[in-house]
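Read through the structure below, which is laid out as C-alpha cells, and then see the notes.
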Amino acid sequence: MAMNEKVSEVLEKQINEELFSSYFYLTIADYFEDRGLKGFANWYVIQMKEELDHAMALRRYLLDNDYTPTMEAIEKPTANFASDLDALKAGLAHEEHVTDLIHNCYSVAHSVHDIRAMKMLDWFVEEQGEEEANARDMITNMELFGTDPKGLYELDREYQARVYTQLTALPL
C-alpha cells in the first residue's frame, strides 16, 4: 500500500526540522565552547548527533515505505545568547517547538488512519518528553548551582561525562 501523501510530506518536512535542530544545537555547543564550558558543549554536541539520528530514522522510514525524500536547504540558526541560562532556555524552547512538530506529524498520520506511521511516531513522542525533561533539568541546575563558580565547574564536569549512544530503537 502506498504511503499517504500528507504523511510523507509532513515526515519529509520533519527530516529538515531535525537537521536544523542539529545545526541549532551545534550553535549552542559553540557558545559554551567559547565560554570554556566544555562539558556543556559536549552535552549539546551529543544533542546534535541525536538530532541527526532522528533525521536518518525518519529518512529510513520513508525509504522503507517506498518514498524517496527530497533534501531541502537547512536554515541557518540565528541564535545569540546573552548568558548561559539564556542558551539553556533557548534549548528548552526549541525542544518544545520540536514536540509541537512531532505532535503535528502524529495528528496527520492519525487523520488518515496511518497506524504504521503512528506506531513509529510513538517513539518520537516519548523521546520528546525525555528531551524536554532534560532541558528543564539543565535550567534548574543552572539556576540552583550555576551562579557559583564552583557549582558551575561541577555541572560542567557532570555534563562532560555524557557519552553519545547511537539510536537503536529505530532503524537508521
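The values are calculated or read from the model by the stated rules, or taken from the named source; none is laboratory data. For clarity, every value in this text was computed on a predicted model and none was experimentally measured. Glycine gets a Cβ as well: all are built from the backbone with ideal geometry, and neighbour counts include every protein chain shown.
Things to note:
- Long-range neighbours under 7 Å by Cβ, at least six apart or interchain, first residue closer than 14 Å to Tyr106 by Cβ within the range 1-18, second outside any helix (DSSP H, G or I) and at pLDDT 95 or above: Asn4/Val112; Asn4/Asp114; Lys6/Val112; Val7/Val112; Val7/Asp114
- Search result, residues across the range 138-172 that are under 23 Å from Ala93 (Cβ atoms) and free of Cβ contacts under 8 Å to residues at least 12 places away in the same chain: Thr140, Leu144, Phe145, Thr147
- From the list Leu58, Leu63, Leu101, the one residue that fits, being at pLDDT 95 or above, loosely packed, with under 14 Cβ neighbours inside 10 Å, hydrophobic (A, V, I, L, M, F, W, C) and more than 30 Å from Asp148 (Cα to Cα), is Leu63.
- Helices (runs of 4 or more DSSP H) wholly inside the range 57-168 containing at least 3 residues that are within 15 Å of the chain's Cα centre (by Cα) and at negative phi: 84-111, 115-145
- Looking across the range 74-101, the residues that are closer than 29 Å to Arg116 by Cβ and not polar (S, T, N, Q) come down to Ile74, His94, Glu95, Glu96, His97, Val98, Asp100, Leu101.
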